[in-house]
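Undergrad: Sending over a structure as structure tokens; questions will come in a sec.
Derivation of every value follows stated rules applied to the coordinates shown; laboratory data play no part. Just so you know, these numbers come straight off a predicted model, no measurement behind them. Here the Cβ positions follow ideal geometry from the backbone for every residue, glycine too, while neighbour counts run over all protein chains shown.
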Amino acid sequence: MRGLIFFFFFSSIQLSLFSQNKPLLYNVDGLPQTLMSNPGAEISFRGHFGIPFLSQVHLSAGSTGVTAFDIFDDSNPNVNLRVRNAIRKLTHRDYFSVNEQLEILSIGWRLNRQNYLSAGVYQETDVFAYFPKDLAILANEGNTNYINQPFDFSQAAFTAEVLTVYHLGLNYKFNSKLTVGARAKLYSGIFNVESTNNQGTFTTTLNEGGNGFYRQTASEIDIVVNTSGFASLRDEEDNTVDQAAADLLKRSMLGGNLGVGLDLGATYKVNEQFIVTGAVQDIGIMFQRTDVENYRYYGSYETEGIEPLFPEQENTEAIPYWDIFEDEVDANLQDETLEDPYVTWRPVKFNTTMEFGFGRAFLPCNYRLVKEARYMNAAGLLLSGVNRPKGIALSMTAYYDKLITEKFGFRAAYTIDDYSFTNVGLMAHRTFGSFNIYLAANNLLGFPNFAKANSTSLQFGMQFIFKDN
Amino acid sequence: MKKNAALFHIITLCCGVFLTGCVKDVDFGQANDIVLSPDIQSNLVLYTVGEADFVDPVTKDIHTVIRDTVRLEFLDDDYIQNDLNSVEFYFRNINTFPQAFVSRVHFLSASGRKQFSINYPISPGSSDNPVSTERIEVMGADRIEQVKNSITMVVELEVQTNEEAFTGDLEFASKGLFKFEF
């Protein structure tokens with residue numbers, strides 16, 4: 001009862017939060033993928049082997065604040081008006097994200113009663129960009145209606161990376177109440193681009209008291225875009241497709257930029273029915289050292305226009321005012337292309353749940369097997385977060401797990417995040433002998449028409465899962 | 001058992017829903033119609049002249065016409081040549097000379113050929129009563145090529161002499177409202 005009270009107290013506080021993640025696969029004890037989000041998860045199998053490239057395919061994309069329908073509504077031909085309205089509606093905290101993961105190899109086996117070892121390789125693409133509202137307005141409307149208002153360059157922040165991850169994890173059952181786990185990761189970078197700490201403003205002010213109409217000021221501009229993995233492909237014009245593919249393959253197999261990371265997780269059984277979990281993924285760092293190119297634009301400058309030295313002297317060449325002006329701008333607003341190594345942090349993710357099991361448990365009638373009680377039903381709350389350049393993107397999921405048979409179960413979930421308040425998801429998993437398939441999709445209400453959905457995500461996979469009989 | 005079968009059917013139905021997910025009611029072809037249309041306000045040229053600027057530094061003679069030339073190199077840039085739709089030039093003179101002036105602003109091509117001129121009279125003023133003269137010239141779609149063909153701006157002042165003492169200041173400021181469609 002105390003557990004239930006705590007459970008509902010927790011729900012009442014946390015349902016006001018927002019977020020994003022893979023909530024349908026977290027804390028599903030019958031699926032090996034649960035170890036990827038919580039290496040300290042409770043698991044109910046003794047081994048697994050994923051079908052290469054098919055054990056997990058994960059795709060997700062989202063945009064807070066605007067949908068494809070908002071822009072491309074076919075019943076209204078005035079697309080430019082809708083673009084303008086969308087730009088005005090979005091804020092600089094809105095963002096766009098795309099994440100893809102493809103499990104290339106996944107394997108795991110129980111070493112003994114306490115330890116489960118899992119390992120594998122997956123490829124990941126992660127793209128994340130905040131909406132640079134001020135720059136979008138400047139590009140789409142200009143400065144005419146925004147005199148005296150600064151356009152803020154710090155709103156431009158984006159990251160994109162493609163990498164391969166090699167991992168090895170250990171799940172350790174400390175005692176009947178506590179399971180802990182850790183996963184070491186080796187990142188092999190393929191591409192990276194990031195621009196996250198930009199600053200500076202551009203302002204057109206009315207020049208009251210001055211001769212010119214306006215004073216245009218670029219103040220403390222400092223824009224940096226770091227890239228790795230692009231310069232060589234761009235420069236090698238004679239590269240054939242085969243050579244480029246070989247280069248990318250080499251990078252994905254530890255031949256490019258490297259990084260290391262760690263996942264940590266734990267599960268604690270408060271009592272037979274009530275469990276809490278917590279996990280942190282991708283506490284990781286990438287060292288971008290090879291094939292690096294950085295672009296920097298920085299400085300401050302202020303102008304009222306070109307002021308000629310009236311009058312022009314006869315028999316003399318005209319003074320190159322424009323060249324002088326350009327030289328002055330170039331001296332004060334400089335651009336550089338460098339090859340400085342840089343460091344990027346992987347987007348750290350965290351998940352924490354509390355789950356309450358209820359309903360009839362499956363307990364085999366075999367006194368030689370030590371199996372823990374499992375429940376037909378479970379209700380849980382999951383708080384997830386991903387660290388992004390301007391802060392943590394949070395989500396809150398309430399879920400219900402149902403085991404229809406020991407080999408067939410599903411999860412229904414409702415998630416509140418930055419994308420929407422109407423995110424209903426469903427995951428189903430079925431095992432035929434040892435062959436398991438699962439399919440999970442978030443934001444089902446958006447599936448009848450993706451164009452009107454702010455986000456969607458899909459995971460599916462197939463693998464062999466071996467259990468004690 | 002019946003309950004399990006019902007659940008199975010519900011899940012199968014849901015799987016069916018998300019496997020048949022689609023995109024509708026949108027026309028992505030409209031992406032081709034998207035244009036960015038910024039209106040950029042920018043100062044162009046400004047100056048202030050006094051009576052000394054009309055005196056020849058060598059002969060000390062008074063010139064009734066003075067001029068200066070400014071190359072506006074940006075008019076040759078791609079974004080001007082390809083995407084500029086119209087320009088609204090705005091000129092303002094504030095005169096404390098008791099003489100009237102004629103202001104002529106000529107836009108010349110790279111070869112020095114005149115593309116267009118904006119000429120207007122400047123009313124006389126006094127040190128106690130500076131007089132402002134403003135002129136707006138809209139270069140719409142029908143004349144925008146003249147702007148695109150220009151690279152040099154020549155500003156010229158001609159004094160309309162009279163019997164009043166030739167003393168005072170004449171301020172000139174100009175700006176352009178450049179309308180683009182990218």
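Undergrad: What would the Debye formula give as log10 I(q)/I(0) at q = 0.07, 0.11, 0.12 Å⁻¹ for the alpha-carbon point model of chain A, no solvent?
TA: These q points yield log10 I(q)/I(0) values of -0.47, -0.98, -1.11.
Undergrad: Projected area of segment B:39-103, taken from the Cα convex hull and averaged over every viewing direction, in nm²?
TA: 6.3
Undergrad: Would you mind putting A:438-451, A:217-230 in packing order, based on average other-beta-carbon counts within 10 Å, highest first?
TA: A:438-451, A:217-230
Undergrad: Kirkwood Rh, segment B:36-180, all Cα pairs: how many Å?
TA: Final number for the Kirkwood radius of segment B:36-180 is 16.3 Å.
Undergrad: Exposed loop sites here are trypsin sites (Lys or Arg not before Pro) in DSSP loop states with at most 15 other C-beta atoms within 10 Å. What is the longest stretch of chain B lacking them?
TA: Segment B:61-112 is the longest.
Undergrad: DSSP loop (so not H, G, I, E, B), at most 15 other Cβ within 10 Å: list which trypsin sites (Lys or Arg not before Pro) in segment A:171-254 pass both filters.
TA: Answer in residue order: A:Lys177.
Undergrad: I'd like the GluC sites (Glu not before Pro) in segment B:95-167 restricted to DSSP loop residues with at most 11 other Cβ atoms within 10 Å, sorted by number.
TA: Here the sparse-neighbourhood loop sites are B:Glu163.
Undergrad: Before rounding to the nearest 500, sum -39500 (n - 2.57) across all DSSP H runs of length at least 4 in the protein assembly as shown and divide by the residue total; then give [θ] at 222 nm in deg cm²/dmol.
TA: That calculation yields -4000 deg cm²/dmol at 222 nm.
Undergrad: If you take each beta carbon of peptide A:207-213 and count the beta carbons of other chains within 10 angstrom, what is the mean?
TA: The mean count of partner-chain Cβ atoms within 10 Å per residue comes to 5.
Undergrad: Oh, and also: What is chain A's relative contact order, in percent, from Cα pairs under 8 angstrom and six or more apart in sequence?
TA: Once normalised by length, the contact order is 19 percent.
Undergrad: If you count the DSSP beta bridges with both ends in the protein assembly as shown, what percent of them are antiparallel, to the nearest 5?
TA: 100
Undergrad: Can you tell me how segment A:215-312 classifies by the Cα gyration tensor, rounded, prolate or oblate, using a/c under 1.5 as the rounded cut?
TA: Judged from the Cα gyration tensor, segment A:215-312 comes out oblate (a/c at least 1.5, b/c at or above a/b).
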